[in-house]
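Worksheet: the structure to be examined is printed underneath.
The values are calculated or read from the model by the stated rules, or taken from the named source; none is laboratory data. Because the structure is predicted, anything quoted here is derived from the model rather than measured. We place every Cβ from the backbone using ideal geometry, glycine too, and count neighbours over all the protein chains shown. These area figures cover heavy atoms from the full protein model, side chains too; ligands, DNA and RNA do not enter into them. Shrake-Rupley method; radii C 1.70, N 1.55, O 1.52, S 1.80 Å.
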Amino acid sequence: MADPVSWLMIEPGWRVASVDGEEVGRIEAVTGDSNADIFDGLAIASGVVARPRYVPAEQIAEITDGLVRLSLDKTAIEQLPEYDVPAAEIDVEPEKASLLQRAEAGLVRPNEREHRTGLVRRVLDWFGLAGRR
């Protein structure tokens, strides 16, 4: 795995390369907790409208300015699971909810669009233009 401190500099829009150096996509998101110095992994997309895939931190071989090289080949990268955006917050009210309500809440699928990054933002991130003025 790459230097544990260098993950803090990764930004959306950076290029991602396979183990043989072939460009396979761009960074969509960095997962972890910078306050607790915990790096979990990356969300990468192979195209502007492609669904991002999750790359665990253990699969990162090298981080340089503007490029993340993985320890996976292109075939293995295509087999990675889709990135699931974590919920922004979770409301837990066990004392107020009945057992039936809590069971039903676990079965209802949350609105997937609620936590998705907008298309314009994804395009700006893809070309490394987000946040620039």
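Odds and ends about this structure:
- Solvent-accessible area per residue for segment 1-82 (1.4 angstrom probe, square angstrom): 52 Å²
- As a rough guide to protection, the peptides 74-85, 58-69 ranked by mean Cβ packing within 10 Å, highest first, stand as 58-69, 74-85.
- When the square roots of the Cα gyration tensor eigenvalues are ordered a ≥ b ≥ c, the ratio a/c for segment 10-57 is 1.5 or more and a/b exceeds b/c, which makes its shape prolate.
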